[in-house]
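I have placed the structure first, in the form of C-alpha cells, so that the comments after it can refer back to it.
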Amino acid sequence: MPVLLLADGSRPSLPAGVSIAEALRAVAPKVEAVAVKVNGQMRDLAWVPPADAEIEPVRKETPEGLDILRHSLSHIMAAAVVRLFPGTKLAIGPAIENGFYYDFDLEHKLTPEDLDRIEAEMTRIVKERAPFQRMELPRAEALRRLDAEGQSYKVELIEGLQDETISFYRSGDFMDLCRGPHLATTADAGAFKLLSVAGAYWRGDEKNPMLQRVYGAGFWTRQALDEHLRWLEEARARDHRHLGKQHALFHLNDLVGPGLVLWMPKGAIIRTELESWIRAELRKLGYQGVYTPHIGRLGLFRTSGHYPYYRESQYPPLIDRECLAKLADENCGCAELSNRLEAGEVEGYLLKPMNCPLHIQIYKAAQRSYRDLPIRLAEFGTVYRYEGSGELNGMVRVRGFTQDDAHLFCAPEQLEGEVEACVALVQSMFRTLGLTQVQMRVSLRDPASDKYVGSAENWARAEQNLRHVVRKLGLDYVEAPGEAAFYGPKIDFIVRDALNRQWQLGTVQVDYNLPERFGLEYIGADNAPHRPVMVHRAPLGSLERFVGILIEHYGAAFPLWLSPEQVRVLPIGEAQTEYAARVTEQLKDAGLRVHLQASNEKIGAKIRQATLDKVPYMAIVGAKEAEKGAVSVRHRKDGDQGVMPVEDFAARMRREIAEKT
RNA sequence: GCUAGAGUAGCUCAAUGGUAGAGCAGCGGUUUUGUAAACCGCAGGUUGUGGGUCCGAUUCCCACCUCUAGCUCCA
C-alpha cells in the first residue's frame, strides 16, 4: 500500500488503487495538499499511486504549493486569452514570485482594458469548475497536433525535450502542453489580479520575435492578494524618483542628458556624509586616496580590454583634434572611421568606463617592493557607461556614476587575506546602514562565452581564491556562472531593502589578468620581479544607485546623520523669533544642520510641514521655553519628547549622529 | 536597443477640433498663533520638440526627444 510521509514523522498507509485526493480525504483530511511529491517528482492529486509509493504532500501554503496555484492561474489566463482572441499562439507561462505570467503571440495589441476583459473571462472559467486533466501523448502525436493547431512555439518546446511521452493538461475547452502538476479544478484558483502587459522576446533572445507578456498576481486568499497589492502601492509611494523630486534630492534633466544625475543640495549632503564616513573607515584600514581624470587615451582602454570588449556600452571615443582634421581631409566616412578605430589606427580619448586602468598607472608610476604591498588605492571615481535607453531608471540605473572604488595590489600570498578584509568591510558597512539581509553570490566565468580576458589557469586560480574565502568565513553563498567581470570572478552582495526587494550592491573582485596585461611588477625578497594580484572592490557599488536605494529603504526619512536637515526650529509666535534665531545659531554651532521656520503660520502647520519634510527633530519654542533657555523637542515619528535645555538637546542629537542610528 | 503606453503650471492631476482649469507650492496682504493644514488676493502655460492636415490643433497624422512597464543588457 502507498505510504504517506507526514511532517510529524508519522507514516500512515493510504488505500491502494484510488487517487491521492480520495486517499487523503480518507486518511488525512486535515492535510491541505495541492499536489504530492514522489521521489522528488511532483504529481497531481488525481494521480493514482502504485502500491509501493512513498508520498509526501505538497501543502498549499508552501512555496511549492503556491507555485502550483500560480502556474494553474497562468493556464487559466491563457484559456481566457484564447477564448477572447482565437488564434493566439502560446509560448510559456510559468509561476513567478507573487504571481505568474504568460507569453502570447497575437495580432491584437493588448491594452489595460483588455486585462479587465481577460480577468472577467478568467473568473468565468473559475466558476465553470473544470477539472485539470492530465493526458499523455506519444511525442510524434503531440507534435502533429500542435503543428496542426499552428502552435509553433509549443512545437519548438517539444523539439527541445528528450521525452518520448509528452504530457498535456486539459481544463474545460482549453488544452496546453505542460509538465504539471496542476490544481484539481479551476475552482481552486484562489485570488488573482492581472497587473500589466509588456513585451518579452521569445526565449529571452533579442533576435527572436517579441511576444506580449501578461503579468498577474496570485494568492490562495483574497486577503493575501490585497496585502500584496497594498505592498505594491507602498513600493510605488517610496519610489526614489518620486521622493527625490518631492524632497529636492536629485534632478534629471533633458538638456543635460538621459541617465546623468544632478545632485541637488540636499542629496549632496547625503552623499557627502556617506563619502566622509567611508573615507574615515578606509583610513583606518590602510587605504590611500587618489584622484584620476574622467578620460584617458583609447590605448589605455585597449590594453585593459575595456574598449575592445565593451565598446557598445561606452560613449563613443573623443577623437584627437588633429586626427579629426586629417580624417576630414581624407573624406573618411563613419563606417571607415569605425573600422580604423577598431584597427587602432585612430587615436582619441575615452570617457572612463572603470577606474582600474588609471589606478594601475598610479601603481606603475613607481618601482614597487614586496615591502610596499599591499597597496590600496581608493577613489570616489566617476565612470561613464552607455546603458541602453530602455534600461535607464532614475538614480539606480544611470550613464554617469561614482563608484566608492578601490584597487588593492598585493602579493599572491596576501590575496585571500585582503579579500577577506574587503568582505568584512562590506558587511560592516551594510550593517551600519541597517541593511541586514545580505546574500552573497560568487559570480564565476561562463566557460562557453568569449567575453572574458585571460587564461583559464588565471580564472581557475581566482575562482578558487574566492571559494576559499567564503568557505573560511563560513558564509552562505550561491555560485552564479556567467556573472563574472570580464577580467575576473567576484563576490557580489545582494541586499534586501525595507520592502524586501533585492539589489545587487557591493562587489569584491579578484583579478590576475589586468596585472598581466599591464605588466605590473614588484621586486620580491629574492630580488627578482614578481607579478602582483589585484582586488577590485566597491562596497556600495555606485553612490547614485546606493542613494537611490537608501531613499526607498528609508522612505526619505533618513537617519539623523544622513538627514539633509537635522532639526527645524519652530517659533510659536512672532514674539519668539529672536529667541528662535538664537537657538538656531546655538544648534548650528553645535555642528547640526538646522533651519529656522519663522513664517507666520500656526504651529500646527509648521509641525505638519516639518513632519512631511521628514526632518528628524523639531525644536518648538514659545514663551515658556524662551524664559528657561529650553526647547520643546518633537520627533518626526515619535512625537513630543518633552522640554529640555538647548545644550541637552544638542548633546542628544550629537550622540545619535555618532551612533549612526 | 526592442514591444507597448505616456508627456498639460514648480508638484499632483482635470478638460477640449473653437481664447487651457483645480488643489498644493510660490508671491502680496490680513491674522500672532502651543504640537499634523488660519483667511483673502495675485501671479503662474508657445499643452515635450519639429513638421503636416484644417478657416482654426493642446486635441487628428508623421518624425524626433524624454519618461514609464517589461524584455535584452549591466565591466
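The values are calculated or read from the model by the stated rules, or taken from the named source; none is laboratory data. All values derive from a computational prediction rather than experimental measurement. Ideal geometry is used to build each Cβ from the backbone, glycine not excepted, and the neighbour counts take in all protein chains shown. Each accessible area value is taken on the protein alone, full model and side chains, heavy atoms only, with ligands, DNA and RNA left out. Shrake-Rupley method; radii C 1.70, N 1.55, O 1.52, S 1.80 Å.
Brief remarks follow.
- Helical runs assigned H by DSSP (4 residues or longer) give chain A a calculated mean residue ellipticity at 222 nm of -11000 deg cm²/dmol, each run adding -39500 (n - 2.57) before division by the residue total.
- Kirkwood radius and radius of gyration were both taken over the C-alpha atoms of the range A:446-574, and their ratio Rg/Rh is 1.18.
- DSSP-loop chymotrypsin sites (Phe, Trp or Tyr not before Pro) across the range A:268-309, with at most 14 other Cβ within 10 angstrom: A:Tyr291
- Placing dummy labels 7 Å off each Cα toward the beta-carbon, the span from A:Ala51 to A:Arg297 is 8.4 nm.
- Taking only Cα atoms of the range A:267-554, radius of gyration then Dmax in Å: 19.6, 64
- Distance-filtered residues of the range A:611-628 - backbone nitrogen under 19 Å, label point 7 angstrom along A:Asp648 Cα→Cβ: A:617-628
- Residue-count net charge about A:Leu110 - beta-carbon cut-off 10 Å; Lys, Arg +1, Asp, Glu -1: +1
- Cα centroid separation, the range A:622-661 to the range A:120-193 (Å): 66
- Net lengthening on full extension, A:His468/A:Ala456 (0.36 nm per residue, minus Cα-Cα): 2.5 nm
- Whole-angstrom Cα spans of chain A along principal axes, big to small: 84, 76, 58
- Filter on A:Lys266/A:Lys637; A:Lys606/A:Lys637; A:Lys60/A:Lys109; A:Lys602/A:Lys628; A:Lys193/A:Lys245; A:Lys37/A:Lys207 - keep pairs with C-alpha separation over 27 Å: A:Lys60/A:Lys109; A:Lys193/A:Lys245; A:Lys37/A:Lys207
- The eigenvalues of the Cα gyration tensor, multiplied by 5 and square-rooted, give the range A:72-237 an equivalent ellipsoid with semi-axes of 26, 19, 14 Å from largest to smallest.
- For the range A:409-482, the alpha carbon positions stretch 39, 27, 20 Å along the principal axes, listed from largest to smallest.
- Global dimensions of the range A:207-359 from alpha-carbon coordinates: Rg and Dmax equal 23.7, 73 Å.
- Kirkwood hydrodynamic radius over Cα pairs of the range A:3-59, then Stokes diffusion coefficient at 25 °C and 0.890 mPa s, in µm²/s: 225
- Note that the range A:24-31 has calculated 3J(HN,Hα) couplings of 5, 4, 6, 9, 9, x, 7, 6 Hz, one per residue in order, obtained from phi through the Karplus relation 6.51 cos²θ - 1.76 cosθ + 1.60 (θ = phi - 60°); glycine and proline are x.
- Annotation: Cα Rg of the range A:318-424 relative to the compact-globule expectation 2.2 N^0.38 Å equals 1.50.
- For the range A:567-659, the equivalent ellipsoid derived from the Cα gyration tensor has semi-axes of 18, 15, 12 Å, listed largest first.
- Efficiency of FRET from Cβ geometry, A:Asn527 and A:Leu260, R₀ 35 Å, rounded to 0.05: 0.10
- Rolling a 1.4 Å probe across all protein chains gives A:Lys89 an accessible area of roughly 60 Å².
- Taken along the Cα-to-beta-carbon direction at a fixed 7 Å, the label points for A:Trp277 and A:Glu107 span 5.9 nm.
- The ellipsoid equivalent to the alpha-carbon distribution of the range A:1-108 has semi-axes of 34, 14, 11 angstrom, derived from the gyration tensor eigenvalues as √(5λ) and listed largest first.
- Fraction of alpha-carbon pairs over 18 Å apart in the range A:221-265 - percent: 48
- Point-charge dipole on Cβ atoms (K/R +1, D/E -1) for the range A:420-567, about Cα centre, debye to 20: 220
- Were the residues from A:Tyr309 through A:Glu574 laid out at 0.36 nm apart, the gain over their Cα-Cα distance would be 88.8 nm.
- Rolling a 1.4 Å probe across all protein chains gives A:His294 an accessible area of roughly 80 Å².
- Spin-label model distance (nm) - A:Cys323 vs A:Ala21, 7 Å beyond Cα toward Cβ: 7.2
- FRET efficiency estimate (nearest 0.05) - Cβ-Cβ, A:Glu136 to A:Leu5, R0 25 angstrom: 0.45
- Sorted into 10 angstrom bins from 0, the C-alpha pair distances of the range A:382-524 split as 10, 36, 38, 15, 1, 0 percent.
- Over all other residues within a Cβ to Cβ distance under 13 Å of A:Ser338, the charged ones net out to -2, with Lys and Arg as +1 and Asp and Glu as -1.
- Cα centroids of the range A:472-532 and the range A:1-67: 46 Å apart.
- Rounded D (µm²/s) - the range A:27-76, Kirkwood Rh over Cα pairs, Stokes-Einstein at 10 °C, 1.306 mPa s: 138
- Given their separation in residues at 0.36 nm each and the Cα-Cα distance between them, A:Ala365 and A:Ala480 gain 37.8 nm when the chain is fully extended.
- Kirkwood hydrodynamic radius (C-alpha pairs) into Stokes-Einstein, the range A:148-278, 25 °C and 0.890 mPa s, D in µm²/s: 121
- Once the C-beta distance of A:Thr661 and A:Ala148 is scaled by a Förster radius of 60 Å, the resulting FRET efficiency is 0.35 to the nearest 0.05.
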